[in-house]
Amino acid sequence: MDIKIRQLEHRYMPGSPYERLALKDISLDISEGTFLALIGHTGSGKSTLIQHLNGLLKPSSGSIAMGDTAWAAGDKKMDMKPLRKKVGIVFQYPEHQLFEETVEKDIMFGPMNFGESETEAKERAKEMISLVGLPEEVSDKSPFDLSGGQMRRVAIAGVLAMKPDVLILDEPTAGLDPSGRNEIMELFYNLHHDRKLTTILVTHSMEDAAKYADEIVVMHQGKVFMKGVPAEIFQQEEKLKQASLDVPETVEFLHKWQAASGERHELSEFTVASLAKALASEWKGGVS
Amino acid sequence: MSEILKVNDVSFKYPAETELALKNVTLSCMKGEWLSVTGHNGSGKSTLAKLLNGLLLPDSGNVEVEGLFTTNMDELWEIRRRVGVVFQNPDNQFVGTSVRDDIAFGLENFGVPRDEMIRRIDESVKHVGMEQYLDQEPHLLSGGQKQRVAIAGILAQAPSIIILDEATSMLDPMGRKEVLETVRTLNKEKGITVISITHDLEEALHSDRVLVMNKGRVSALGAPSDIFSNTSLILDAGLDTPFSVKLSQKLREEGVPLTRDYLTQEELVKALWTLKSGS
């Protein structure tokens, strides 16, 4: 599903003393199949923007098109349900939204709410429990008896059970331990490719943005501040600093090495392995 | 340095669970040190934190803070005054309608007289750099600022120990930096002991000692350089090796003759530079 955003503006509490302009003149095209990382410090407008993508918020001005569904500021109330079925959002700390008696029922809620039969919903719950790496036995347990990391997985399974085309992830790994973080990110990355999803990842982790994203959008003061492929974005350390953001550790290290040795390297990938390769070339060159 | 806190052979089980959350945990913490406690989700880190100031009581064993025991009901409130906890979610620990009221709340609980209260509030907000915000409402503060107010609330009670229970995990990188810098200053300048429950490896690297929890047990306790160069220990505990250690290892695989793993970027740059100028 291609996403088109045109001159989007969002005002919270318009006409009141608390009025605040949270998004200004946002125009973005996100093509189907893109893995996009949305970065920016707290209050930069990331969360406001993603809530527009399934109609949880209405534009104060401007327009949005998600595939064939389009709407603009001032439009009559429209039925967002078909769109919400296709656009799944994993909110921050999604485990706070668990509510059913059992894990299975919690995962079934979404699909049944969107009209799937009980049999189909049960089938999907089973599939999703294994997909997110939980043991089969959790299905009959209360979600509240699980550990924090497991509850997170149940909540994610509930969103995936609706089989969305667009997956929006708002800091999905916050608070998880490093191995849990890797597992969850790998899960999303594999799903993105296997199911040909369009994925939007809101993150504070430059490492994740560098590792998984095809494109990065940097938000600052309610505007799109930078946009490009990771290599372009992370070359501009000064500009990122203006938006109170850092570069990934690999880039930080390269800059420190350059300052000490005068050697320059360009990374196409931001992994530790590719950084080690680039640095090691200095030694191989020196010996021969 | 003297021992300020001792955990002696503590086991603990949550009532609804069958498995022990903590199994025979023994450790001690030195006065003025920064101890990081790390481990996978469900390893028992946060349970341990709650036992340290008597929010939970051990099923067996005991917890001793400056000679007081959490299992001694007469001493529990004094322990809670001496051991302040900053919790994970900045929005769940603000009780007042302004920064001033919030800090006053804790002091009222301990029956501190008004004049003394005013003096302590003024002093503690200065220590966390929030003196400009005394009359600010909580919802206008950033996450990092809220956590600093929580720290001021603890400081006002003249604690010996501050426990950070994943206190920076819900903050953005800037908020994280500002909170850690605040605590670091208190640790250095006021000698307050810090026990930080964290997944943040870079933070753990800069502490005096690191405790690794694994499935309710202490799996290792030592200097960051010993802990983080032990890759199998780290991976087994569901953690990750720090960036510079990983890079040191990959560089060796690529044939760069480094003799050991380096913990920080600065150390590694220096070591590489020494290698390069020597060759």
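Remark: chain A projects, on average over all directions, an area of 18.1 nm² (convex hull of Cα atoms). Between B:Gly67, B:Gly39, B:Gly111, the Gaussian network model of chain B with springs among Cα atoms under 10 angstrom shows the greatest mean-square fluctuation at B:Gly111. If you take the Cα centroid of the stretch B:1-77 and the Cα centroid of the stretch A:1-73, the two points sit 47 Å apart. Between amide H atoms placed 1.01 Å from N, distances below 5 Å from A:Val90 occur with A:Ile168, A:Leu169, A:Asp170, all of them 5 or more places distant or on a separate chain.
Computed over the stretch B:1-119, the P(r) curve from all C-alpha pair distances, binned at 10 Å from the origin, holds 12, 36, 33, 16, 2, 0 percent per bin. Residue by residue along A:274-281, Cβ atoms of other protein chains within 10 Å of the local Cβ number 5 on average.
Scalar couplings 3J(HN,Hα) for the stretch B:77-91, obtained by applying the Karplus form with A = 6.51, B = -1.76, C = 1.60 to θ = phi - 60°, are 5, 5, 5, 5, 5, 7, 10, x, 10, 9, 8, 5, 8, x, 7 Hz; x denotes Gly and Pro.
For the protein assembly as shown, the Kirkwood hydrodynamic radius from C-alpha pairs, put into Stokes-Einstein at 25 °C and a viscosity of 0.890 mPa s, yields a diffusion coefficient of 95 µm² per second.
Kirkwood radius, chain B, all distinct C-alpha pairs, inverse of mean reciprocal distance: 20.1 Å. In percent, rounded to a whole number, the relative contact order of chain B is 22, using alpha-carbon pairs under 8 Å and six or more apart.
Specify which residue in the list A:Asn190, A:Ser27, A:Ala243 is farthest towards the positive end of the charge dipole of chain A, using unit charges on the beta carbon of Lys, Arg (+1) and Asp, Glu (-1), about the Cα centre. Value: A:Ser27.
With the biggest extent put first, the Cα atoms of the stretch A:91-210 measure 40, 31, 21 Å across the principal axes.
The amide H of A:Asp177, built 1.01 Å from its N in the peptide plane, has B:Asn41 as neighbours under 5 Å, considering only residues 5 or more places off or on other chains.
Distance between the C-alpha centres of the stretch A:186-224 and the stretch B:201-279: 28 Å, rounded to the whole angstrom. Using Cβ point charges alone (K and R +1, D and E -1), the dipole size of the protein assembly as shown about the Cα centre works out to roughly 780 debye. Highest mean first, the peptides A:261-270, A:177-186, A:153-162 sorted by other C-beta atoms within 10 Å per residue fall in the order A:153-162, A:177-186, A:261-270. Taken over the stretch B:59-191, the alpha-carbon convex hull comes to 122 cubic angstrom per residue. Per-residue Karplus couplings for the stretch A:42-53, computed as 6.51 cos²θ - 1.76 cosθ + 1.60 with θ equal to phi - 60°, are listed in order as 4, x, 7, x, 4, 5, 4, 4, 5, 5, 6, 6 Hz, Gly and Pro entered as x.
Based on the Kirkwood approach, the hydrodynamic radius assigned to the stretch A:1-140 is 17.4 Å, with every pair of different Cα atoms included.
Amide H contacts under 5 Å for B:Gly96: B:Asp102, restricted to partners 5 or more places along the chain or on a different chain, H placed in the peptide plane at 1.01 Å from N. In the protein assembly as shown, taking the dipole from charged Cβ atoms about the Cα centre, the farthest positive-side position among A:Pro143, B:Ser160, B:Leu258 is held by B:Leu258.
Listed cross-link partners A:Lys256/B:Lys190; B:Lys146/B:Lys215; B:Lys50/B:Lys188 are compared with a 28 Å cut-off, the Cα-Cα value being larger for A:Lys256/B:Lys190; B:Lys146/B:Lys215.
Protection proxy ranking of A:216-228, A:1-13, by the mean of other Cβ atoms within 10 Å over each peptide's residues and highest first, is A:216-228, A:1-13. Taken over the stretch A:55-113, the convex hull of the Cα atoms encloses 111 Å³ per residue.
Can you classify the stretch A:248-288 as rounded, prolate or oblate using the Cα gyration tensor, where a ≥ b ≥ c are the square roots of its eigenvalues, rounded means a/c under 1.5, and otherwise it's prolate if a/b beats b/c and oblate if not? Oblate, because a/c is 1.5 or more while a/b does not exceed b/c.
Averaged over the residues of peptide A:259-270, the number of Cβ atoms from other protein chains lying within 10 Å of each residue's Cβ is 1. Converting phi to 3J(HN,Hα) with the Karplus coefficients 6.51, -1.76 and 1.60 and the offset θ = phi - 60°, the stretch A:17-32 yields x, 8, 3, 9, 8, 9, 10, 10, 6, 8, 10, 8, 10, 10, 7, 3 Hz in sequence order, with x at every glycine or proline.
Readers should treat all values here as calculations from the given coordinates under stated rules, not as data from a laboratory. Predicted, not measured: the structure shown is a model, and the values here were computed from it. Glycine also receives a Cβ, built like all others from the backbone with ideal geometry; neighbour counts cover every protein chain displayed.
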